[in-house]
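Written below as structure tokens is the structure these notes are about.
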Amino acid sequence: MVPPSAGASGGGGGSAASLEEVENPVKVWLKKISLAQYSDGVVDYGYDSMDALLAAKENEVIEMTEDASIGMKKPHRTLFLNAWKALLKTSLSPQRTFASKEEEFENMIAEYDPSSGILSKDQFTKICRAIQNGSNPFENTAGAGKFCAEPKEMKMGSFQQAAGGLFKLMNVNKNETVPKVLGGVPALKEEVEKLKTNKKYSKYYALVSKYLNYILYEPASEQAYPNGIRDKGRAGKTLSYFAEHPFAKEADLDEAEVVALRLYTTPAFVAINEPLRNLEEGVEHPLPVLVTILAEALRKLRQIGSNDMAAVAEMFLWRGMKNLKPSDEFKTRGGTELAPMSTTTDIKTAVEYSLSSESLIFMIVTKNALQRGASLSWLSAFPTEEEICFSPLTYLQPTGRTQVVEINGMRFTIVEVAPSN
């Protein structure tokens, strides 16, 4: 379906925690071919790693270059396509030789030392298998996905911002926003239409309106995206199917909340996340009604299964970040994820999505359902991602336990954190 630096601005003030970043290889490549002006658009579209570019089909690349949200001029489309074809050819030459895959895997496992950190042998084994099965793990071939974050994607806010609340973060008046929230789906549609004339955020209009219309008016259909098949196995399902789903009923979700959740799982999520992470002081978030409805829906979803013993059981969740390492400030004070935060229950998934020369993995330890996010797979546009999503302003506090795993030229720093929301 589908991104940390110091000094995050926007509602709440206070200094922001930082993670030291490495420039996205896709953006480096675009600079080399003199198309740097389209970097954000290409990355936001889903081609946020060289792996994603190399795995794409020609018709998919052409479709991306013609997407209105990117705004690529016709001569630049040709330049991009020719450069991509040349890149594809050079990528076919092997950069190193391995012994048999199983022998390589066994050599990785032999490096496990139970006294060296926080990972169990099973977790360590899954990391090794993900590395072994991944594409070339060297420069310019990091993984991609919503469970990982690029430097621009994972801007960590301060403790003060977490405490200040969502309306303050969005720079909007609560008393003016709440009545609009009660307007439901019509209010969402009206807010999205206003994007068209928003001087700062009009770039999101085509993207958001496209997927809002898909969710509201079109039957679900399967379509290939860089991160998977949209609505796989759900062809023909309409909005009413999700609104009447047993989980929607158990969580007491209204139609607008179902729409907001579905919309967040599409590529339109960037119009929610990027402004939350990069708001300038005094500038309002362009979609405060949508963000408010989404945050409330994520909290309400925690009702599902609340009477089961699993609701009070410990659970480990994972989030990977490629080309990043934790700063001393983050290891000491932690940081706040200003936007909704996608995680996965499978460490292997997080590792596969964040393969790079310097990767950071959050090991998120939760003690009960109220401390963790909500499962979105039952209504997600990309159900195979098994996404567990936290509401905005989740504060991540490091426990002090870390582990570094270095295999095949890659360095993974695993940091154990406890979430508060």
Tally of residues being surrounded by fewer than 19 Cβ atoms within 10 Å (Cβ to Cβ) and either within 20 Å of the chain's Cα centre (by Cα) or at pLDDT 90 or above (or both) across the stretch 42-58: 1
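Quick one: which of K200, K180 is modelled with pLDDT under 95 and outside the structural domain of I70 (by TED's automatic domain parsing)?
Answer to the check: K200.
Consider the stretch 110-135. How many of its residues are over 14 Å from R401 (Cα atoms) and surrounded by fewer than 14 Cβ atoms within 10 Å (Cβ to Cβ)?
Looking only at that region, the number is 6.
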Residues of the stretch 214-234 classified as aliphatic (A, V, I, L, M) and at pLDDT below 95, total: 2
Residue in the stretch 371-390 that is closer than 27 Å to L253 by Cβ, in contact with a Cys (Cβ under 8 Å, 6 or more places away or on another chain) and at pLDDT below 90 present: yes
Selected residue [under 28 Å from G164 (Cβ atoms) and of a type in the set (G, A, S)] from S359, S377, S354, S391: S391
Some residue of the stretch 401-416 being charged (D, E, K, R), in contact with a Pro (Cβ under 9 Å, 6 or more places away or on another chain), over 23 Å from N273 (Cβ atoms) and not in a loop (DSSP other than H, G, I, E, B): yes
Of the criteria (1) crowded, with 19+ Cβ neighbours inside 10 Å; (2) assigned by TED's automatic domain parsing to the domain that holds G184; (3) within 25 Å of L370 (Cα to Cα), which one P286 fails: (3)
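Residue-by-condition table, conditions (1) over 22 Å from T197 (Cα atoms); (2) surrounded by 15 or more Cβ atoms within 10 Å (Cβ to Cβ):
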position: Y217; (1), (2): yes, no
position: N227; (1), (2): yes, yes
position: R230; (1), (2): yes, yes
position: S240; (1), (2): yes, no
position: H245; (1), (2): yes, yes
position: D254; (1), (2): yes, yes
position: T265; (1), (2): yes, yes
position: V270; (1), (2): no, yes
position: L290; (1), (2): no, yes
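The values are calculated or read from the model by the stated rules, or taken from the named source; none is laboratory data. Bear in mind the structure is a predicted one, so any value in this text is a computation, not a measurement. Quick reminder, even Gly has a Cβ in these numbers, built from the backbone with ideal geometry, and neighbours come from all protein chains shown.
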